[in-house]
Amino acid sequence: MVVATGQYRQPVLPDWPGRDSYAGRLSHSIEYADASPYVGQRVRTPPPLVPRDPFGMPVQRTSILLSALPPALANRLGMATVRLTVGDLTRYGFPKARFDPYTTKRIPIIDVGLVEALKRGRVKVKPALERLSPTGAVFTGGAGEPFDAIIAATGFSTGLASLLGMPDVLDERGEPRGRAGEPTAQPGLYFIGFTHSLRGHLFEARRASLRLARHVERYLR
């Protein structure tokens with residue numbers, strides 16, 4: 001059996017204090033298709049981002065090159081690329097990154113227009129969300145603001161713990177142990193599509209699928 005349900009199977013919506021009392025529309029980013037339902041409304045969403053095509057080259061290709069370097073060096077070069085291509089966004093209220101991508105293997109969101117909207121003043125960044133109120137949100141420091149809708153770009157989980165019920169093949173985060181396509185603690189069970197990588201999913205999928213094919217063939221023999 002090959003499990004290929006992906007890293008982003010189950011949307012995560014935090015249980016913020018005051019969530020049940022909020023009278024507006026609270027949704028996860030998975031439900032977002034276009035901006036038309038939010039026209040004329042006050043909306044909040046806080047995604048991290050990197051440029052899509054730094055220096056005219058797809059960011060996945062840049063990451064393939066940087067991934068060959070020591071993580072600490074890749075982090076410095078990656079952040080330098082962001083500064084050169086999008087500039088210092090802290091002047092617009094956008095906070096600095098709180099993690100090093102190549103060390104933590106955490107993947108930022110690729111920008112497709114937020115930076116431009118931010119610089120033009122069409123999007124305003126607020127402090128961290130502390131709790132929800134019946135009419136909006138209360139931020140760190142106690143300042144509150146009304147919102148008609150809140151879009152939570154708060155990520156996903158694999159949902160594998162409830163799907164499989166096999167803790168010996170999953171880690172504490174509910175993700176597969178070991179590399180994609182390799183044998184697990186359960187003979188005949190394999191995972192693919194759960195690799196955290198800045199080199200792009202298509203790049204990793206090809207490598208993992210070849211590895212999976214070799215191991216499945218050996219198992220069947």
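Here is how the numbers come out for the structure above:
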item: Of the criteria (1) touching a residue at least 12 places away in the same chain (Cβ under 8 Å); (2) exposed (fewer than 15 other Cβ atoms within 10 Å of the Cβ), which one Thr85 fails; result: (2)
item: Identity of the residue in the stretch 74-129, among the hydrophobic types (A, V, I, L, M, F, W, C) and in contact with a Phe, Trp or Tyr (Cβ under 7 Å, 6 or more places away or on another chain), that ends up farthest from Val59 (Cα to Cα); result: Leu129
item: Scope the stretch 111-130; condition surrounded by 15 or more Cβ atoms within 10 Å (Cβ to Cβ) and either touching a Pro at 6+ places or on another chain (Cβ under 6 Å) or of a type in the set (A, V, I, L, M, F, W, C) (or both); matching residues; result: Asp111, Leu114, Val115, Leu118, Val123, Leu129
item: Residue that is modelled with the highest pLDDT [pool: residues in the stretch 160-195 that are among the small types (Gly, Ala, Ser) and under 20 Å from the mean Cα position of the chain (by Cα)]; result: Ala180
item: Selection count, the stretch 177-194, where residues are crowded, with 18+ Cβ neighbours inside 10 Å and either in contact (Cβ under 8 Å) with a residue 60 or more places away in the chain or not assigned by TED's automatic domain parsing to the domain that holds Leu210 (or both); result: 5
item: Residue satisfying condition, being hydroxyl-bearing (Ser, Thr, Tyr) and loosely packed, with under 12 Cβ neighbours inside 10 Å, within set Ser162, Ser157; result: Ser162
item: Single residue of the stretch 1-60 satisfying the filter (part of a loop (DSSP other than H, G, I, E, B) and among the polar types (S, T, N, Q)) that is farthest from Arg179 (Cα to Cα); result: Gln41
item: Check on Ala152, closer than 12 Å to Val43 by Cβ, under 18 Å from the mean Cα position of the chain (by Cα) and surrounded by 14 or more Cβ atoms within 10 Å (Cβ to Cβ); result: yes
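The values are calculated or read from the model by the stated rules, or taken from the named source; none is laboratory data. Every value quoted in this text rests on a predicted model; they were computed, and no experiment measured them. Note that we place each Cβ from the backbone using ideal geometry, even for glycine, and neighbour counts take in every protein chain shown.
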